[in-house]
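Here, each number is a calculation from the coordinates, and none is a lab measurement. It should be emphasised that the depicted structure is a prediction, and the values quoted were computed from it without experimental measurement. No Cβ is skipped: glycine too gets one built from the backbone with ideal geometry, and neighbour counts run over all protein chains shown.
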């Protein structure tokens, strides 16, 4: 599963502190670079997003926890969406909703306003 791990340095934390922690964790082997699918930093150097491939939240926690006193994390599971498949599902759902509204006696204009 892919996890989006957005981070923002806590107040007073400088880029150099983050750099030193990164190097220390790398040398300790806890960054798990084989599981990182992308790392995007913002221009400030103190915020960004890391994409992590992991089977469990516990695996993700093992990667982000060593940084938690320097940065705040927002971690979410990311689910891949197939654009064309989603488009067709939404078209079917909209058509079914329109049919349900018609069966309920709602005029088309009222259904469109919802």
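Odds and ends about this structure:
- Counting only helices (runs of 4 or more DSSP H) that fall entirely inside the stretch 25-114 and contain at least 1 residues that are within 20 Å of the chain's Cα centre (by Cα) and surrounded by 12 or more Cβ atoms within 10 Å (Cβ to Cβ), the qualifying elements are 57-64.
- For the stretch 14-37, filtering for residues that are more than 14 Å from residue 64 (Cα to Cα) and touching a strand residue (DSSP E or B) at 6+ places or on another chain (Cβ under 7 Å) leaves 1.
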